[in-house]
Amino acid sequence: MKTLILHGWGGSDFPHWQSYLAAELAKDYGTVCFPLLKEKDAPNLDVWMEQVEGILKDFRPDVLVCHSLANTLWFHLCHQQKAYPVKKLFLVAPPSLTCEIEELSTFFSVDVPNDLYAQSVTLITSTNDQYMLQEEAISLAQALTCRHIVLDEAGHINTASGYGAWDEMVAMVKG
């Protein structure tokens, strides 16, 4: 199983759950690609798309795990038919599709893609994520017609909200 893990704005350095996931998968000789996306603190959609297109072409993952802004990046890749088909796709803590953070303006707004290039899709959101209200998360899950896991009071599902070691995520990716 080959797993590609894509971080959001600012990266997912240790002790973020994505770093933990990469390490746990590698422990069992899983093949993991956890790239540092260029200009992580000042991301640009075109730059990230070009980088990830190359990674997808070379790595050809079975599983894709996106956090935060990486979800939006995946949506754009899907719209432009530059996504690579995966068996499992995890969309964790996506920001609002109409996010208005100036530093991220090249990514927004974005529509829900018709095709997510995945056999199985799991959306994981939180009841109190400051970047996407729960009502929008529910609407997104319905639009995507996917499995939706809602974590109670988990914030943006990152280090700041206590998500370092996350064994449930490891189990879902491996399962």
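The values are calculated or read from the model by the stated rules, or taken from the named source; none is laboratory data. Just so we're clear, the structure is a prediction, and the values are computed from it rather than from any experiment. All Cβ positions, even for glycine, are placed from backbone atoms using ideal geometry, and neighbour counts span all protein chains on display.
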* Asked: Which condition number does THR31 fail, the rest of (1) of a type in the set (Ser, Thr, Tyr); (2) under 14 Å from LEU64 (Cβ atoms); (3) in contact (Cβ under 8 Å) with a residue 60 or more places away in the chain being met?
  -> (3)
* Lone unmet requirement of (1) over 28 Å from GLU135 (Cβ atoms); (2) among the charged types (D, E, K, R); (3) in contact with a helix residue (DSSP H, G or I) (Cβ under 8 Å, 6 or more places away or on another chain) for ASP41 -> (3)
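Residues checked against (1) free of Cβ contacts under 8 Å to residues at least 60 places away in the same chain; (2) surrounded by fewer than 22 Cβ atoms within 10 Å (Cβ to Cβ); (3) on the phi > 0 side of the Ramachandran plot; (4) not in a helix (DSSP H, G or I):
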| residue | (1), (2), (3), (4) |
| --- | --- |
| SER12 | no, no, no, yes |
| GLN18 | yes, no, no, no |
| GLU24 | no, yes, no, no |
| LEU37 | yes, yes, no, yes |
| VAL52 | yes, no, no, no |
| LEU56 | yes, yes, no, no |
* Given (1) of a type in the set (Gly, Ala, Ser); (2) outside any loop (DSSP other than H, G, I, E, B); (3) surrounded by fewer than 17 Cβ atoms within 10 Å (Cβ to Cβ), where does ALA70 come up short, assuming only one miss? -> (3)
* Could you tell me whether region 63-71 includes any residue that is within 16 Å of TRP166 (Cα to Cα), among the hydrophobic types (A, V, I, L, M, F, W, C) and modelled with pLDDT of 95 or more? => yes
* To do: Only residues that are among the hydrophobic types (A, V, I, L, M, F, W, C) and either within 17 Å of CYS66 (Cβ to Cβ) or crowded, with 17+ Cβ neighbours inside 10 Å (or both): list them for region 151-170, please.
  => LEU151, ALA154, ILE157, TRP166, MET169, VAL170
* Asked: Can you name the residue in region 84-134 that is part of a loop (DSSP other than H, G, I, E, B), of a type in the set (A, V, I, L, M) and out of contact with any Asp or Glu (no Cβ under 8 Å at 6 or more places or on another chain) and, of all such residues, is nearest to LEU64 (Cα to Cα)?
  -> LEU116
* Asked: ASP129 passes all but one of (1) of a type in the set (Asp, Glu); (2) surrounded by fewer than 20 Cβ atoms within 10 Å (Cβ to Cβ); (3) without any contact (Cβ under 8 Å) to a residue 40 or more places away in the chain; which number fails?
  -> (2)
* To do: Kindly establish whether HIS76 is part of a loop (DSSP other than H, G, I, E, B), within 23 Å of THR3 (Cα to Cα) and of a type outside the set (Phe, Trp, Tyr).
  => no
* From ILE157, ILE149, residue being part of a strand (DSSP E or B), among the hydrophobic types (A, V, I, L, M, F, W, C) and under 16 Å from the mean Cα position of the chain (by Cα) -> ILE149
